[in-house]
Amino acid sequence: MAFGSTLAAASDPHAARKARGAFFTPPEIARFIASWAVRRGDERILEPACGEAEFLVEAARCARERAAGPSAEGVALVGYELHESTASAARDRLAAEGVRCSILAGDFLGIEPQAAFDAVIGNPPYVRFQSLGGRQREAVSRISRQSGVAVSALTSLWMPFVLHATAFLTQGGRLGMVLPAELLAVNYAAPLRQFLMDSFAAVQLVTFEESVFPEVQEEVVLLLADGWQRGSSKAITWHQCNGLDDLASPRVASYRPHGAGRRWSGLFASRESLQSLEWLGAQGAFAPLGQWGRIALGAVTGRNGYFVLSEKEARRWGLGAGDVTPLCPPGSKHLRRLSYTADDHRLARLDGRGVYLFRPQGEPSEAARRYIEQGERDGVAAAYKCRTRSPWWRVPLPAVPDAFITYMNAYGPNICTNEASVALLNSCHGLYFHEGIEDGVRELLPLACLNSATMLGAEVVGRAYGGGMLKLEPREAALLPVPAPSLVAACAGELRAVRPYVERALEKRDFDAAVTLVDAVLIARTGADEAGYAQMKSCATLMRLRRKKRSKAKKVTP
Ligand SMILES: C[S@@+](CC[C@H](N)C(=O)[O-])C[C@H]1O[C@@H](n2cnc3c(N)ncnc32)[C@H](O)[C@@H]1O
């Protein structure tokens, strides 16, 4: 752990650090970025969110080496840090290392930019836009206006940080940052990807197979952008590392995105497999899932332990049909099938699973009143989410979805029709079919989606999480390439014929077998060549293995 983390932990609890995105960088990464940024030893270097000065210490060390002298006088180091006591820990640390540096406590986003630095280096905070206060939101809007780059409300603080940081660079300057891998994939970062390619003469990325940032759930990448306003870039130099030990000798490749703002996540996929995927789209055989229907989040109760009831619990409290709503049990393991039927729901009920949501429809009954009073005694009314709604016990409930989509996946996403017509919690997304898609076609969508092209598409549109899971937000799920309704209608007979075999494979959790069965139907119908499908399959498998490998990396509890 970094210098001072024990000291910081004492005065700065984990929850508070998380709220402002305070996860400190491993020294190997800070050293790598600093030694890339410091070239002569007399540069002016800015660290906009310096934490306990890991990057600044490393920059001073590099400057000493480059200047071949005992002092770091030649280099000018400036750091900003929002958190006063962290800023003071940074000052102490730099003093202990004999480094001269100005550490300014305050919000970097509020600082008027001056193009005065040769390099900006660091690891900005990852804090969701929704968690920002009014003043920071205003600063983000101003930065967006000044840079001419759209910043959506879905963003996280790291994106305006990067934009603002570039405004401090002199022409030809360098930006070296640790960023979440969502830079490569998410739609809201498209304008930033475009901006980086347009504004820097050379863009490099460093990616890791293993998880190198044990405290952070999300995968990280290193961005090294050189030559600010000295030209633009068409290709990215990609350094692939297994772990930190490979930083000195990575595998190097060149990646040319189709368009600057387009996703860079194709980085991990072979060009041939992406071409096959695109071909399916261009033929009209595949379409984004959003063309089938609307995708929405499930209900957020605020305290599942209270709101979700088994049949026995509902009976014990004497709750009647008007007090509870039939619910798909929390979790998603039971939805790794093609349909969730009334029979499945009956079995879940007999199994004692949570099959009811406490949600009185009109005036609560006597029994419901007693249950509400119990909730108040147990402090549920004051829980986050409950205290912000009125009455606290009425959970906002989206309409019953036509199908469920699993969004946290070890293998790939699974769609499952909701034949039991039960409500949905936020452990899955809901799919609401558009009008005009026939029932006979709708029911085949889950089966048709178990194919190599969709699995590859999921790896490209989704986000790999530190735990090795692939996550799909509703907007990402809407982009998932799936067989188009016309293709499913055209091969309905063949799909029905393989259905029992696919069901059996899913029961055994043999997803590869299920995908092979469906591929065989689709290959014949799309006119795609087998080699293309084989490419997509092996590429999806490689990307999945890459995710899983990261989940095996050791975890450090902060
Ligand atoms: C991810 S940590 C990285 C710290 C340091 N750069 C490192 O890599 O070890 C982000 C830091 O930014 C600070 N921070 C958060 N919001 C900030 C803001 N608006 N201005 C300056 N610092 C901020 C946090 O307190 C935290 O120390």
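Every read-out reported here was derived from the displayed coordinates using simple, explicitly stated rules and does not represent laboratory data. Small disclaimer: the values here were computed from a predicted structure and weren't measured. FYI the Cβ positions are ideal-geometry reconstructions off the backbone, even for glycines, and counts take in every protein chain you see.
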With +1 on the Cβ of every Lys and Arg and -1 on the Cβ of every Asp and Glu, the dipole magnitude of the range 269-346 about its Cα centre, in debye rounded to the nearest 20, is 260
At a threshold of 8 angstrom on Cα-Cα distance, excluding pairs fewer than six apart, so keeping six or more, what relative contact order does the chain reach in percent?
12
Give the Rg (one decimal place) followed by the Dmax (whole number) of the range 300-397, computed from C-alpha coordinates and expressed in Å.
13.7, 41
For the chain, which semi-axes, largest first and in whole Å, follow from the square roots of 5 times the eigenvalues of its Cα gyration tensor?
46, 32, 19
Whole angstrom only: what separates the Cα centroid of the range 447-480 from the Cα centroid of the range 396-418?
13
I want the local charge near F200. Using Cβ-Cβ distances under 10 Å, sum +1 for each Lys or Arg and -1 for each Asp or Glu among the other residues.
0
In whole Hz and in residue order, list the ³J(HN,Hα) couplings for the range 420-427 that follow from phi through the Karplus curve 6.51 cos²θ - 1.76 cosθ + 1.60, θ = phi - 60°; x for Gly and Pro.
7, 6, 10, 6, 10, 8, 7, 7
Using the Cα centre of the range 300-397 as the reference point, and only Cβ charges (+1 on K/R, -1 on D/E), how large is the resulting charge dipole? Debye, rounded to the nearest 20.
300
Flagged links, alpha-carbon separation over 32 Å, of K312/K333; K385/K537; K234/K471; K385/K549; K385/K471; K312/K508
K385/K537; K385/K549
Only helices counted: for the chain, with every DSSP H run of 4 or more residues adding -39500 (n - 2.57) and the sum spread over all residues, [θ] at 222 nm is -11500 deg cm²/dmol
With +1 at each Lys and Arg Cβ and -1 at each Asp and Glu Cβ, the charge dipole magnitude of the chain around its Cα centre, to the nearest 20 debye, comes out at 380
